[in-house]
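The values are calculated or read from the model by the stated rules, or taken from the named source; none is laboratory data. If you're wondering where the values come from, they're calculated on a predicted model, not measured in any experiment. Neighbour counts run over all protein chains shown; Cβ positions are idealised from the backbone, glycine included. Heads up: the accessible areas ignore ligands, DNA and RNA and are worked out on the full protein's heavy atoms, side chains in. Shrake-Rupley method; radii C 1.70, N 1.55, O 1.52, S 1.80 Å.
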Amino acid sequence: RCIDGDTAAFYYNNEEITVRMLAIDTPETNHPTKGKEAYGEEASNYTCYKLMRAKKIKLEYDENSDKLDKYDRHLAWVFIDNKLLQQELIKKGYAKVDYVYGEYKYLDILKEEEKNAKINRTGIWNNNQNLMNYILFEDGSVNYFTLSIIMIIIIIGYFTSKKFRKKLLKKIK
């Protein structure tokens, strides 16, 4: 059963257990204080899609981590058809490396994927999407004050750029 981008429920020994994916955090879809965050729905949909279509799901505990978190959720690595789901979520830009309290088994792999996602500005690392969070209100309406400030910064940046000054000097000469 899908819960959100980094949490799911599984049946194990005729009992439902909730699993919080180890070492990652995905944006929220319905948080009491954070609300709906950019890419939260995409992360949740991706996790659900992968889980529902999996032929084989393997949960692996890390010897350097607690087995349960403070909410009694199992902390585990989640493999779907022999691929690490945490790695896939980070690669798509739907998660970041977080909640690391030790030297976990696959941590280096996750950090490398996160580095690449940042370089490629994938998903949550896409600065344009982050900028949209400031321009739009939660209901989708435009925050014209913030938009005006951003436009002024862009205009000032253009008029103070080297390229603009060179053009201006050519016209003056």
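Points worth noting:
- Among the listed options [x] 44, 37, 29; [y] 77, 43, 28; [z] 81, 35, 30, the one matching Cα extents along the principal axes in Å as calculated from these coordinates is [z].
- Protection proxy ranking of 157-167, 112-122, 18-28 - average other beta-carbon atoms within 10 Å, highest first: 18-28, 112-122, 157-167
- For the chain, the longest principal axis of the alpha carbon atoms and the long axis of helix 144-159 meet at an angle near 60°.
- Principal-axis tilt of helix 107-120 within the chain, Cα atoms, nearest 10 degrees: 30 degrees
- Of 111/162; 96/162; 34/111; 92/163; 96/163; 111/163, pairs whose Cα-Cα distance is over 28 Å: 111/162; 96/162; 92/163; 96/163; 111/163
- Normalising the average separation of contacting C-alpha pairs (under 8 angstrom, six or more residues apart) by the number of residues puts the relative contact order of the stretch 6-88 at 28 percent.
- Rel. contact order, % - alpha carbon contacts under 8 angstrom, at least six apart, the chain: 18 percent
- Solvent-accessible surface (1.4 angstrom probe) belonging to residue 57, in square angstrom, nearest 10: 70 Å²
- Where 97, 78 fall by accessible area, highest first, once all protein chains stay in place (1.4 Å): 97, 78
- Gyration tensor verdict on the stretch 1-71 (Cα atoms; rounded if a/c is under 1.5, prolate if a/b is larger than b/c, oblate otherwise): oblate
- Basic side chains Lys and Arg get +1 at the Cβ, acidic Asp and Glu get -1 at the Cβ, and with that the dipole of the stretch 4-65 about its Cα centre reaches some 340 debye.
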